[in-house]
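Before any comments, here is the structure.
Laboratory data are not the source of any read-out in this text; all were calculated from the coordinates shown. In this text the structure is predicted, and so the values were computed from the model without any measurement. With ideal geometry, Cβ positions are generated from the backbone for all residues, glycine too; neighbour counts draw on all protein chains shown.
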Number of protein chains: 2
Amino acid sequence: MNRPIAVLGGTGPEGYGLALRLAQAGEAIIIGSRDAKRAQDAAAKIKEKIGPAAQVSGAENSAACSAADLLVLTIPFEGHATLLKQLKPAIRPGSIVIDTTVPLAASVGGRASRTLGVWQGSAAQQTAELVPKGVTVVAALQNASAELLNADGPVDCDVLVCSDDPSAIQTVRTLAAKIPGVRAIDGGKLENARILEQITALLIGLNIRHKAHTGIRFTGLPPAAYEIK
Amino acid sequence: MNRPIAVLGGTGPEGYGLALRLAQAGEAIIIGSRDAKRAQDAAAKIKEKIGPAAQVSGAENSAACSAADLLVLTIPFEGHATLLKQLKPAIRPGSIVIDTTVPLAASVGGRASRTLGVWQGSAAQQTAELVPKGVTVVAALQNASAELLNADGPVDCDVLVCSDDPSAIQTVRTLAAKIPGVRAIDGGKLENARILEQITALLIGLNIRHKAHTGIRFTGLPPAAYEIK
């Protein structure tokens with residue numbers, strides 16, 4: 001039995017797509033939602049799609065959180081800080097929080113092709129300030145679009161994984177690389193999340209302008225940069 | 001005879017690489033430098049490399065500027081505003097200024113994998129404030145690395161072209177697409193330059209971390225997004 005991964009906000013398109021892909025890869029997933037029933041329905045839908053062997057369940061966000069030590073945040077930025085404050089007592093010491101959040105200006109009625117300035121530098125760095133001590137934050141997967149995650153076929157996108165903890169980077173690289181098509185690359189310190197988050201806004205702008213579902217690839221990297229040991 | 005293109009700061013690695021590639025594509029290039037002699041030497045070196053038919057000359061930056069109406073800025077950020085103020089009387093009305101500048105923190109002794117905050121949002125938007133009225137600024141080519149431009153073979157990199165003037169975007173897309181390997185894509189308004197500039201810092205970080213010369217590609221775009229009409 002794998003240690004379970006809680007996908008918080010996992011009934012939204014990004015979280016659902018990630019839960020689906022990771023369950024397909026054989027990971028044990030707990031979908032978290034404000035509403036336990038909605039989370040259970042989403043879990044049932046994934047089981048229906050990929051078969052009864054899938055290890056997927058649903059729970060209210062705090063319950064999901066306290067049952068896992070690998071957490072994926074897939075909630076809109078406007079609910080981000082509030083949820084983290086609420087989850088704080090439920091987050092286990094030693095957990096890894098993978099933050100996929102992008103502070104889109106759409107959170108405050110602006111455009112999804114622009115970002116808000118976050119005092120700490122990025123949504124992920126804000127998360128690092130809000131989690132209990134001893135919990136590691138990793139920024140990743142912001143640029144793997146919900147459309148591509150929910151479609152069939154490989155996700156044509158590289159994932160940069162950023163954290164101040166090198167071993168957490170390796171854990172999350174190993175996980176992200178289980179999504180077909182994804183190359184998971186060490187992206188350096190958590191502070192680089194500010195650039196990853198803005199790339200999402202850029203991709204959304206390209207999607208609107210060119211009627212597309214875009215992703216990003218990095219050229220010129222040696223194979224060692226995306227091999228998983 | 002093509003209208004000449006002035007590459008200001010064209011004796012530095014980025015400018016020299018761009019001048020080389022554009023001259024190879026048959027464009028008429030004036031390399032600009034603070035020092036006319038250095039500019040002429042760089043021009044002679046390009047002629048030596050690609051043959052006597054190459055249309056390349058060298059001049060002091062202001063002289064280069066007043067002889068062209070397509071200008072490429074390839075100077076380090078620390079000299080950016082000063083040069084633009086100096087060039088202002090020499091820039092012809094109706095010119096297009098292609099800004100490749102990235103406000104790297106290295107400009108003030110910091111890291112090349114971090115950027116400075118620019119009040120206007122980006123170096124290119126600062127440029128838009130400093131050029132005479134009636135001159136159009138286009139942000140492009142920040143992510144086409146000097147190493148790849150100066151190497152042989154195609155440049156494995158997409159170029160987003162951003163401006164508030166759609167016809168200038170088309171002009172610069174047509175130009176950038178002459179560099180082998182480059183797909184030149186409409187990147188929207190000039191305000192998006194802030195993201196393109198930060199991507200350069202991200203690529204520099206990847207280059208250091210993975211001992212590579214990286215570039216970016218966008219996946220999922222329809223061919224119409226990078227076809228040149």
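For the pair A:I228 and B:I228, label points projected 7 Å from Cα toward Cβ lie 4.0 nm apart. Neighbour counts of C-beta atoms inside 10 Å place A:H210, A:H80 in the sequence A:H210, A:H80, starting with the fewest.
Close amide-amide hydrogen proximity is noted between B:V155 and B:G181, B:V182, each under 5 Å apart and 5 or more residues distant or on a separate chain (H modeled in the peptide plane; Pro and chain starts excluded). The value given for region A:112-164 is a Kirkwood hydrodynamic radius of 13.2 Å, derived from the mean inverse Cα-Cα separation.
In order along region B:148-162, phi translates into HN-Hα couplings of 6, 5, 8, 7, 7, x, x, 8, 7, 7, 8, 10, 7, 10, 10 Hz, rounded to whole numbers, per the Karplus curve 6.51 cos²θ - 1.76 cosθ + 1.60 with θ = phi - 60° and x for Gly and Pro. Within the protein assembly as shown, the ratio Rg/Rh, alpha carbon atoms throughout and Rh by Kirkwood, equals 1.03.
In order along region A:208-222, the Karplus-derived 3J(HN,Hα) couplings, from 6.51 cos²θ - 1.76 cosθ + 1.60 at θ = phi - 60°, round to 5, 5, 10, 6, 9, 10, 8, x, 10, 10, 9, 9, x, 7, x Hz, and Gly and Pro are given as x. On the rotation that sends chain A to chain B, the chain A Cβ lying closest to the axis gives residue and distance in whole Å as A:R217, 2. For A:E227, A:E197, the sequence from fewest to most other C-beta atoms within 10 Å is A:E227, A:E197. Whole-percent P(r), chain A, all Cα pairs, 10 Å bins from 0: 9, 35, 40, 16, 1. Restricted to Cα atoms, region B:9-103 shows a radius of gyration and a Dmax of 12.4, 36 angstrom. In chain B, helices alone account for a calculated mean residue ellipticity at 222 nm of -11000 deg cm²/dmol, with every DSSP H run of four or more residues adding -39,500 (n - 2.57). As a proxy for reagent exposure, ranking A:F77, A:F218 by other Cβ atoms within 10 Å from fewest up yields A:F77, A:F218. Here region A:144-214 was treated as a single set of alpha-carbon atoms; its pair distances binned every 10 Å from 0 give 20, 45, 30, 5 percent.
Report, in listed order, any pair from B:K88/B:K133; A:K85/A:K189; A:K47/A:K85; A:K45/A:K85 with a Cα-Cα distance greater than 21 Å.
On the way: B:K88/B:K133 10 Å; A:K85/A:K189 24 Å; A:K47/A:K85 31 Å; A:K45/A:K85 29 Å.
Where the Cα-Cα span goes over 21 Å, the pairs concerned are A:K85/A:K189; A:K47/A:K85; A:K45/A:K85.
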